[in-house]
Amino acid sequence: MRKGRLWLSFMAGPSSLEDLKEVCGTVPYVFDGIVATYHGEPGDPESQFLETAKGQGKIVYVPYSRRHDHSRNCYLWCGPMENGDWVLQQDVLERVPATFAAEIRTFISRMEAQKVNLAYYYGKPFIFKFH
């Protein structure tokens, strides 16, 4: 059986470059890639940064529609995530602490051992197994 990959997912837009640099800091050594919706144009400094940082992931370009659910669905159904993968979903203004990022695969192993496939953080899905 294929071992699930671990994705970082979020939505971003223009004027978020400094936030993206912080958010994506753990990607190379923790996550297999970024799967994100970008509300801007290819070629923006933010999109260029995301394309470089995405690893095995994918950046989806869609206009901002004021529909958070639509933007989230764009990155959830765009591509590289497969059944059994894990997705850490966050807002671009949120930061996963480095101490948690370093232990995230252990956290996932514990969740799997207990047959848990979703963890909430302040009422929002935070990390889940993709189905």
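For the reader, a short list of remarks on this structure follows.
- Here is the figure for the stretch 31-53: residues that are assigned to a helix (DSSP H, G or I), in contact (Cβ under 8 Å) with a residue 24 or more places away in the chain and open to solvent by 10 Å² or more (accessible area, probe 1.4 Å) total 4.
- Of the criteria (1) modelled with pLDDT of 95 or more; (2) farther than 15 Å from A12 by Cβ; (3) not charged (D, E, K, R), which one Y61 fails: (2)
- Count - residues of the stretch 79-107 that are touching a residue at least 40 places away in the same chain (Cβ under 8 Å), among the hydrophobic types (A, V, I, L, M, F, W, C) and over 23 Å from S15 (Cβ atoms): 8
- For Y121, the requirement of being open to solvent by less than 20 Å² (accessible area, probe 1.4 Å) and aromatic (F, W, Y) is not met.
- If the condition is being without any contact (Cβ under 8 Å) to a residue 24 or more places away in the chain and assigned to a loop (DSSP other than H, G, I, E, B), then the stretch 108-131 contributes Q114, K115, V116, N117, Y122, G123.
- For the condition β-branched (V, I, T) and either open to solvent by 60 Å² or more (accessible area, probe 1.4 Å) or assigned to a strand (DSSP E or B) (or both), V27 does not qualify.
- Residues of the stretch 1-24 that turn out to be open to solvent by 20 Å² or more (accessible area, probe 1.4 Å), in contact with a strand residue (DSSP E or B) (Cβ under 9 Å, 6 or more places away or on another chain) and in a helix (DSSP H, G or I), as a count: 1
Listed here are the residues, each with its yes/no results for (1) touching a Lys or Arg at 6+ places or on another chain (Cβ under 7 Å); (2) modelled with pLDDT of 95 or more; (3) among the basic types (K, R).
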| position | (1), (2), (3) |
| --- | --- |
| V27 | no, no, no |
| Q48 | no, yes, no |
| E51 | no, yes, no |
| G55 | no, no, no |
| R66 | no, no, yes |
| C78 | yes, no, no |
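- Scanning the stretch 54-79 for residues that are open to solvent by 60 Å² or more (accessible area, probe 1.4 Å) and touching a Gly at 6+ places or on another chain (Cβ under 7 Å) gives Q56, K58, Y64.
- Selection within the stretch 58-68 - part of a loop (DSSP other than H, G, I, E, B) and within 18 Å of L17 (Cβ to Cβ): Y64
- Where E82 falls short, out of the listed (1) outside any helix (DSSP H, G or I); (2) at pLDDT below 90; (3) open to solvent by 70 Å² or more (accessible area, probe 1.4 Å): (2)
The values are calculated or read from the model by the stated rules, or taken from the named source; none is laboratory data. Predicted model only: the values in this text are computed from it and were never measured. Quick reminder, even Gly has a Cβ in these numbers, built from the backbone with ideal geometry, and neighbours come from all protein chains shown. Remember, those area values only see protein heavy atoms, side chains included, never the ligands or the DNA or RNA. Shrake-Rupley method; radii C 1.70, N 1.55, O 1.52, S 1.80 Å.
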